[in-house]
Amino acid sequence: MKIGTDGVLLGAWVNVDHAKTVLDIGAGSGLIALMIAQRSKVAEQIMAVELGKEDAQQATENALASPWPSRIQVHQSRIQDFRSDHSFHLIVSNPPFFNNSLLPPSGKRKAARHTESLSYQDLLASAERLITTGGIFAVVLPAREGALFISMAQFHGFYPSRQCAVYTRASKPQERWLLEFSRQPSPAHIEKLILFTEGNERSPEYEKLTELFYL
C-alpha cells in the first residue's frame, strides 16, 4: 500500500505526549504506528490492526525492520472482532471515507477507501469499546465526511477537542480535517494548515510539521 499524505499528516500531527498504549485502526503498511513510535518517548505498546493479509504482512515486516520492533505489534483482524486485555490511551485511524462514490475496480483500493469494510459507526463503536476514559481518538477525513463524523461521534461519547483544517493551497477549498476527540466535552482548539505555496513549494508550516519524516 502506498504511503499517502493523509497518513503522514495524522502521524505527525496527533498528540502523543501522554499515550503509553496506542492503537492504530486500519494500519495499512504500518506508517502511522511507525511515526508514533518515532515521535513518542512514552508509548510502550503500539498495536496496529489491519484487515488485509498482505498489508498486515507488510506492516509486520516494516515494524521488524524498524528501530522499535519490540514496541509495535501487528494483528490481522477486523477491528470489529479485535479484542484486547487493556484499553488504549490513544487510538488513531486513517479510515475508509467514500460512502456513495463509484467503487474502484481494485479490491485493495476498494477496502482502503470505501466504508463497506469499516463503517463510521463500527469505527466509533470500536474506539468507544477500546479507549481509556481519558484517552484521545484521532482521525483524518475529507472536509465533508469530517463534519459528518463529528456529529456522529457525539452519539458515542466523543467530543472534538482539537481540529485542523487542511488546505492544499490558500486559494483552494478545504481538503481534509485532522480531528482529535476526547471523552469530555470542552471547547475545541481549531487550527489551519496550508500544505503548499502558490509556487508549489511546501509551506513553512508543513515543513515544520513533517520535518522528522520527509528527507
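For region 116-167 and region 34-93, what is the separation of their Cα centres, given in Å? The two parts, judged by their Cα centres, are 19 Å apart.
Around the amide H of R176, modelled in the peptide plane, lie the amide H atoms of A143, V166, all under 5 Å away and 5 or more residues distant in sequence or on another chain. Among bridges DSSP assigns within the chain, what percent are antiparallel (round to 5)? Percent antiparallel among DSSP bridges in the chain is about 35.
Normalising the Debye intensity of region 5-185 to I(0), with uniform scatterers on Cα atoms only, and taking log10 at q = 0.14, 0.18 Å⁻¹ returns -0.71, -1.22. Proximity of backbone amide H atoms, modeled 1.01 Å from N, is registered between I136 and L90, I91 at under 5 Å, excluding neighbours fewer than 5 places apart on the same chain. Highest average first, the peptides 86-93, 162-169 ordered by how many other beta carbon atoms sit within 10 Å of their residues are 86-93, 162-169. Each Cα pair under 8 Å and six or more residues apart adds its separation to the average, and for region 5-185 the resulting relative contact order is 19 percent.
A Förster radius of 41 Å combined with the Cβ-Cβ distance from A147 to Q73 puts the calculated FRET efficiency at roughly 0.75. Taking other C-beta atoms within 10 angstrom as a stand-in for reagent exposure, I194, I46, I79 fall in the order I194, I79, I46, fewest first. Ranking V166, L9, S29 by how far each Cα lies toward the positive end of the dipole of region 5-185 (charges on Cβ) leaves V166 at the top.
For R162, the residues 5 or more places off, or on other chains, whose built amide H falls under 5 Å of its own are E180, H189.
Every number in this text was worked out from the coordinates using simple rules, so none of it is lab data. Bear in mind the structure is a predicted one, so any value in this text is a computation, not a measurement. Every residue, glycine as well, gets a Cβ built from its backbone with ideal geometry; the counts of neighbours run over all protein chains shown.
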